[in-house]
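Taking it in order: structure first as structure tokens, then the write-up.
The values are calculated or read from the model by the stated rules, or taken from the named source; none is laboratory data. Only a predicted model underlies this, so the values are computations on that prediction, with no experimental measurement involved. Please note: Cβ atoms are built from the backbone with ideal geometry, for glycine as well, and neighbour counts cover all protein chains shown. The area values use the complete protein model at the heavy-atom level, side chains included, leaving out ligands, DNA and RNA. Shrake-Rupley method; radii C 1.70, N 1.55, O 1.52, S 1.80 Å.
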Amino acid sequence: MLYKLLIVLHLLGSSVWIGGHIVLVLVVLPKAMRKRDPIRVRDFERGFAKVGLSALALQVFTGLWLTTYWGIDWRAVLVTPTPAAHLALSKLVLLAVVVVVGVHAERRVLPRLSAETLGVFAAHAWTVTLLSLLMLIAGAGIRTGGLF
Ligand code: HEM
């Protein structure tokens, strides 16, 4: 029962985090770039920040908990070549990159966002979205016994 609840919460977090980023890169950013209007992006970010970060925190919390159901021993993860262990490790590496790119966007790019720097922000947003999609694919691979 707890396992099922963790899966549901993990998938809920995934839907919100990835769904929000897809709306950002496919709807909000193209419109903002066409109109050279950084305010649309700032407004979206202000609204999505809390929900998105809560969803990501839920992902990390439930994801780490779920690894215990797969018997993943983090101390031996590099020497125990199970697909689940390697995919879970890949997810953590991807997560670290997502956090670095996200924090850079939030702290360095967003505060000085202008019509000229919308492209720089778009590069950050696309990177986070694509890496998050890779985390989703890796997650599905854990359950289905590998990526291929
Ligand atoms: C943006 C972040 C993440 C996304 C989008 C994501 C997405 C997913 C998805 C879609 C699944 C498939 C669930 C299923 O087959 O029903 C999954 C499974 C899984 N994820 Fe994540 N995940 C993320 C972060 C993490 C993190 C940080 C960890 C920790 C290592 C993690 C560990 C797992 C595990 C162990 C499973 C297998 C669950 C199972 O089938 O029992 N995930 N993830």
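Which members of segment 128-144 meet the condition of being open to solvent by 50 Å² or more (accessible area, probe 1.4 Å), more than 6 Å from the ligand (Cβ to nearest atom) and in contact (Cβ under 8 Å) with a residue 12 or more places away in the chain?
Once the filter is applied, which keeps residues that are open to solvent by 50 Å² or more (accessible area, probe 1.4 Å), more than 6 Å from the ligand (Cβ to nearest atom) and in contact (Cβ under 8 Å) with a residue 12 or more places away in the chain, segment 128-144 yields Leu133, Leu134.
Check whether at least one residue in segment 45-52 is assigned to a helix (DSSP H, G or I), over 17 Å from Ala138 (Cα atoms) and among the acidic types (Asp, Glu), and report yes or no.
The answer is yes, given that some residue of segment 45-52 is assigned to a helix (DSSP H, G or I), over 17 Å from Ala138 (Cα atoms) and among the acidic types (Asp, Glu).
For segment 1-53, what are the residues that are more than 10 Å from the ligand (Cβ to nearest atom) and β-branched (Val, Ile, Thr)?
Ile22, Val23, Val25, Val27, Val28, Ile39, Val41, Val51
May I ask you to list the residues in segment 67-82 that are open to solvent by less than 70 Å² (accessible area, probe 1.4 Å) and either more than 11 Å from the ligand (Cβ to nearest atom) or of a type in the set (Gly, Ala, Ser) (or both)?
Answer for segment 67-82, where residues must be open to solvent by less than 70 Å² (accessible area, probe 1.4 Å) and either more than 11 Å from the ligand (Cβ to nearest atom) or of a type in the set (Gly, Ala, Ser) (or both): Gly71, Asp73, Ala76, Thr80, Thr82.
How many residues, within segment 92-127, are in contact (Cβ under 8 Å) with a residue 12 or more places away in the chain and outside any helix (DSSP H, G or I)?
Final tally of qualifying residues: 4.
Whether any residue in segment 77-88 is touching a residue at least 24 places away in the same chain (Cβ under 8 Å) and either in a loop (DSSP other than H, G, I, E, B) or under 28 Å from Met33 (Cβ atoms) (or both) is what I want to check.
The answer is no, given that none of the residues of segment 77-88 is touching a residue at least 24 places away in the same chain (Cβ under 8 Å) and either in a loop (DSSP other than H, G, I, E, B) or under 28 Å from Met33 (Cβ atoms) (or both).
Taking Leu2, is it among the aliphatic types (A, V, I, L, M), surrounded by 13 or more Cβ atoms within 10 Å (Cβ to Cβ) and modelled with pLDDT of 95 or more?
no
Do you know which residues across segment 10-44 are open to solvent by 80 Å² or more (accessible area, probe 1.4 Å) and either charged (D, E, K, R) or closer than 23 Å to Ala140 by Cβ (or both)?
Leu11, Leu12, Leu26, Lys31, Arg34, Lys35, Arg36, Arg40, Asp43 - these are the residues of segment 10-44 that are open to solvent by 80 Å² or more (accessible area, probe 1.4 Å) and either charged (D, E, K, R) or closer than 23 Å to Ala140 by Cβ (or both).
Restricting the search to segment 114-132, which residues are under 25 Å from Leu12 (Cβ atoms) and among the hydrophobic types (A, V, I, L, M, F, W, C)?
Those that are under 25 Å from Leu12 (Cβ atoms) and among the hydrophobic types (A, V, I, L, M, F, W, C): Ala125, Trp126, Val128, Leu130, Leu131.
Looking only at segment 83-122, filter to residues that are of a type in the set (Gly, Ala, Ser) and more than 24 Å from Ala55 (Cα to Cα); which one of those is surrounded by the most Cβ atoms within 10 Å (Cβ to Cβ)?
Per the stated criteria, the residue is Ala115.
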